[in-house]
1. Could you look through segment 32-72, keep only residues that are under 18 Å from V91 (Cβ atoms), free of Cβ contacts under 8 Å to residues at least 12 places away in the same chain and not basic (K, R), and pick out the one that is surrounded by the most Cβ atoms within 10 Å (Cβ to Cβ)?
2. List the pairs whose first member sits in segment 122-136 and is in contact (Cβ under 8 Å) with a residue 12 or more places away in the chain, whose second member is not in a helix (DSSP H, G or I), and whose Cβ atoms are under 6 Å apart, counting only residues at least 6 apart or on separate chains?
3. In contact with an Asp or Glu (Cβ under 6 Å, 6 or more places away or on another chain) and more than 22 Å from L337 (Cα to Cα): which single residue out of V52, V68 fits that description?
4. Please determine, by comparing only the residues of segment 111-136 that are crowded, with 20+ Cβ neighbours inside 10 Å and of a type in the set (G, A, S), which one is farthest from the chain's Cα centre (by Cα).
5. If only one of T294, T307, T341 is surrounded by fewer than 20 Cβ atoms within 10 Å (Cβ to Cβ) and among the polar types (S, T, N, Q), which one is it?
6. I'd like the full set of residues that are within 19 Å of G129 (Cα to Cα) and not small (G, A, S), limited to segment 284-329.
7. For segment 363-372, indicate whether the set of residues that are at pLDDT 85 or above and within 30 Å of R97 (Cα to Cα) is non-empty.
8. Any residue at all in segment 274-282 that's surrounded by fewer than 24 Cβ atoms within 10 Å (Cβ to Cβ), touching an Asp or Glu at 6+ places or on another chain (Cβ under 7 Å) and in contact (Cβ under 8 Å) with a residue 24 or more places away in the chain?
Amino acid sequence: MHATATAWLALETSGGALAVGLVLAARMLPNLLFGLAAGTLADRSHRNRLLVGVSLAGIPLMLALNRVASQEHVAVWEVVGLAFATGCLNVLDVPARQALVMDTVPRELAPNAMGLNALAARLCTALGGFAAGLLIPSAGVAACYLVVALATTVSATLVLFARPAKRPTSHLGLQQRPSFGRALRQAGRLVLDVAAVRRLIVAGIACEIFGFSFQTAVPVFARDVLAAGPEGLGALNAAVSLGGAASVVTLSMLPARVPREPLLGGVFVLYGVALVALALTHDLPLAAAVLCLTGAAAAAFDLLQQTLMQLAVPEEQRGRAVGVWVLGIGSAPLGHLEMGTLAAAVGAPLALGINGGLVLLAASTLLARAGGWRGGLARPARRAG
């Protein structure tokens with residue numbers, strides 16, 4: 001709901017397509033700035049309490065967005081600033097949440113647990129997209145942020161019930177843990193010392209810049225090509241989430257013995273094909289179907305990358321591994337700015353086609369160099385540093 005409402009709010013300002021790109025870039029920038037530090041913090045704190053604090057801190061931000069959206073004239077810089085603040089909370093949330101999921105199950109069930117968690121997130125995102133599309137025309141964009149504030153309160157309550165299956169290393173005494181500075185350096189060295197992590201981060205950056213930036217083009221595509229209002233945009237965003245839910249259901253049911261690396265390579269190629277197909281679409285139902293496929297590729301890529309990243313390192317460094325992943329998605333502002341500028345200059349369809357071709361090029365290059373990512377699940381590496 002937050003994503004749909006904020007994209008529409010940015011689109012309706014004088015900034016148009018470029019404003020959407022700026023807002024999404026601002027929301028993703030904290031990943032680049034604070035990703036490693038957030039992952040290190042997740043390894044050194046009580047993850048439940050950290051997530052509760054992050055959720056509660058999001059409530060005043062949603063109320064501020066409600067006030068901004070209620071104004072007669074909305075300034076782009078206000079939306080951009082609040083998007084950056086929201087991104088700062090999100091960068092703290094992701095490593096702790098993903099590591100907490102893996103804390104609750106034995107290692108051999110980790111891919112399935114990650115899949116179930118991703119399924120819940122995608123289904124709720126689809127529901128939020130539909131709800132925002134219906135709420136914006138009837139009650140306005142500002143009302144969406146009040147609902148998001150309520151949902152954030154519910155999230156803070158529910159996360160208290162998550163209980164790790166075993167006591168994580170991060171909760172041991174201070175004398176048994178490295179200093180924050182040393183732990184942060186260890187997180188940075190994961191990219192240098194662990195080949196699997198390095199390969200995954202390169203793939204993630206390429207896909208983040210040219211693939212996931214399609215979100216900037218979707219509001220413009222909905223308005224200018226499909227002649228759809230906020231209801232249409234909500235339906236398109238929901239289609240992305242439903243496709244993602246279908247893919248993570250499939251991944252969560254795969255036996256742990258099935259190697260994930262080749263799957264990730266195939267998904268990378270599928271992502272590029274889906275973006276090129278979207279660029280050629282001019283019908284709302286067909287666009288929703290293509291975005292369903294796009295969402296499936298996006299969710300699968302995210303889930304496989306996160307899972308393999310955590311399985312490539314020792315258990316006590318899982319939070320930092322997710323922090324490295326978050327650092328990789330910190331390249332997203334480049335993609336959103338590139339897509340917003342390109343869509344404003346040549347139109348959303350051509351921009352989507354260009355980026356889809358670049359995703360295919362990146363995927364082909366990576367697969368040629370990595371030998372198709374053959375092999376089974378990544379084995380834990382020796383402790384970096």
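1. Per the criteria, the residue is G53.
2. From residues that are in contact (Cβ under 8 Å) with a residue 12 or more places away in the chain, the pairs are G128/M1; A131/M1; A132/M1.
3. Working: V52 fails: in contact with an Asp or Glu (Cβ under 6 Å, 6 or more places away or on another chain).
Result: V68 is the single residue among V52, V68 that is in contact with an Asp or Glu (Cβ under 6 Å, 6 or more places away or on another chain) and more than 22 Å from L337 (Cα to Cα).
4. G133
5. Numbers: T294 fails: surrounded by fewer than 20 Cβ atoms within 10 Å (Cβ to Cβ); T307 fails: surrounded by fewer than 20 Cβ atoms within 10 Å (Cβ to Cβ).
When all the criteria are applied, what remains is T341.
6. Filtering segment 284-329 for residues within 19 Å of G129 (Cα to Cα) gives 284-299.
Within segment 284-329, L284, P285, L286, V290, L291, C292, L293, T294 meet the criteria.
7. As a first pass, look at segment 363-372 and keep what is at pLDDT 85 or above: 363-364.
With the extra rule that they be within 30 Å of R97 (Cα to Cα), the set shrinks to 363.
Looking for residues that are at pLDDT 85 or above and within 30 Å of R97 (Cα to Cα), one finds at least one in segment 363-372, hence yes.
8. No, that holds for no residue.
The values are calculated or read from the model by the stated rules, or taken from the named source; none is laboratory data. What you see is a predicted model, and the numbers here were worked out from it, not measured in a lab. Positions of Cβ are generated from backbone atoms using ideal geometry, with glycine treated the same way; all protein chains shown enter the neighbour counts.
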